[in-house]
Amino acid sequence: MGSFESFAAAEAGAPPSKAVGYDNAPADAFYSHQVAPYDYPGLFWIGRALDDGMRSIFDLGGHVGIKYYAFRRMLNYPADLRWTVCDVPTVVKTGRELAVQREATAQLSFSTDFRDASGYDVLYASGSLQYLQQRISEIIAALPVKPRRIVLNTTAVHPERTIYTLNSIGFAVCPYRIQHHDELMADLAASGYRRRDAWRNEGKAIEVPFVDGGDKPFYAGCCFDLQQA
């Protein structure tokens, strides 16, 4: 809902009757650990990464580890896999407790700082980039050692321009960036990455009512590999 000049302006324009952001999530606000049809492109490139010997995945905005749990039923996780989820403190606390209950702590860990992605083989962001104040180029620039591969999935994009809006998640509202698709691809290329693949996530609807061009956004993903010097 709504259109704003920037991410910060969207946050400032949130209705006072609701909390702002995922850090206000109730303890039972879990997402499904099932694999949806639009998960498969990301699943494919994560699987290829494991086949190629990559062993560390930084799951940016991965909630309580939902993709770790979902994908392990379909991929042969190597014993030395290191999967780290980065999210807000409230979600991370619940994720750590759940990992203990599910005996997943040997592979699954948590962080609240995206800069911990430095040196990981794969930076994976599924449905989360639009909720972050930093653009992907800013995130990459903050990492002393860039990930070898970046996999984005279900990322909100627009074919013509960038729109900043607000997204209701039930218990709260969140500032939401729908980035110009070609600008997102250019950001990754300018950060030193080469495109391996790009796709559109069909079957997942997005619309910003009463906003010019609000019927044109869609969800998309891509796989980019770090270019060797």
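Taking residue 192 and the conditions (1) open to solvent by 40 Å² or more (accessible area, probe 1.4 Å); (2) out of contact with any helix residue (DSSP H, G or I) (no Cβ under 7 Å at 6 or more places or on another chain), which numbered condition does it fall short on, given that it satisfies the others?
Here residue 192 clears every test but (1).
Does residue 138 meet the test of being within 25 Å of residue 199 (Cβ to Cβ), out of contact with any Leu (no Cβ under 6 Å at 6 or more places or on another chain) and of a type outside the set (S, T, N, Q)? If you could, list the steps in order and put the result at the bottom.
Values: within 25 Å of residue 199 (Cβ to Cβ): yes; out of contact with any Leu (no Cβ under 6 Å at 6 or more places or on another chain): yes; of a type outside the set (S, T, N, Q): yes.
In short, yes.
Among residues belonging to region 128-142 that are part of a loop (DSSP other than H, G, I, E, B) and of a type in the set (Gly, Ala, Ser), point out the one that is farthest from residue 47 (Cα to Cα).
142
Please specify each residue of region 174-229 satisfying the condition of being farther than 27 Å from residue 121 by Cα, without any contact (Cβ under 8 Å) to a residue 12 or more places away in the chain and either in contact with an Asp or Glu (Cβ under 8 Å, 6 or more places away or on another chain) or polar (S, T, N, Q) (or both).
Within region 174-229, 207, 215 meet the criteria.
Those residues that are over 24 Å from residue 21 (Cα atoms) and either touching a residue at least 40 places away in the same chain (Cβ under 8 Å) or under 16 Å from the mean Cα position of the chain (by Cα) (or both), I need them from region 137-160; list them, please. Break it down stepwise before answering.
Here is the first cut: in region 137-160, the residues over 24 Å from residue 21 (Cα atoms) are 141, 143-150, 159-160.
Listed by number, the residues that qualify are 141, 146, 147, 148, 149, 150, 159, 160.
Look at region 106-127 and say how many of its residues are open to solvent by less than 10 Å² (accessible area, probe 1.4 Å) and not in a strand (DSSP E or B).
Residues flagged as open to solvent by less than 10 Å² (accessible area, probe 1.4 Å) and not in a strand (DSSP E or B) within region 106-127 amount to 1.
With respect to residue 103, determine if the residue is assigned to a loop (DSSP other than H, G, I, E, B) and among the acidic types (Asp, Glu).
Numbers: assigned to a loop (DSSP other than H, G, I, E, B): yes; among the acidic types (Asp, Glu): yes.
Judged against the criteria, residue 103 is a match.
Tell me which helices (runs of 4 or more DSSP H) are completely within region 1-88 and hold 1 or more residues being within 18 Å of the chain's Cα centre (by Cα) and at pLDDT 95 or above, or say none if there are none. Steps first, please.
Values: elements: 7-12, 40-51, 66-71.
Once the helices (runs of 4 or more DSSP H) in region 1-88 are filtered for at least 1 residues that are within 18 Å of the chain's Cα centre (by Cα) and at pLDDT 95 or above, what remains is 40-51, 66-71.
Inspect all residues belonging to region 13-23 and state whether any of them is more than 23 Å from residue 154 (Cα to Cα) and open to solvent by less than 30 Å² (accessible area, probe 1.4 Å). Before the answer, list the steps.
First pass over region 13-23, keeping only residues more than 23 Å from residue 154 (Cα to Cα): 13-19.
Keeping just the survivors that are open to solvent by less than 30 Å² (accessible area, probe 1.4 Å) gives 14.
Yes, that holds for at least one residue.
Give all pairs with beta carbons closer than 7 Å in which a residue from region 63-84 that is farther than 29 Å from residue 132 by Cα meets a residue that is open to solvent by 20 Å² or more (accessible area, probe 1.4 Å); count only pairs at least 6 apart in sequence or on separate chains.
That search, which allows pairs on different chains as well, returns 78/55; 80/55.
The values are calculated or read from the model by the stated rules, or taken from the named source; none is laboratory data. If you're wondering where the values come from, they're calculated on a predicted model, not measured in any experiment. Glycine also receives a Cβ, built like all others from the backbone with ideal geometry; neighbour counts cover every protein chain displayed. Accessible surface is based on the protein model in full, side chains and every heavy atom, while ligands, DNA and RNA are left aside. Shrake-Rupley method; radii C 1.70, N 1.55, O 1.52, S 1.80 Å.
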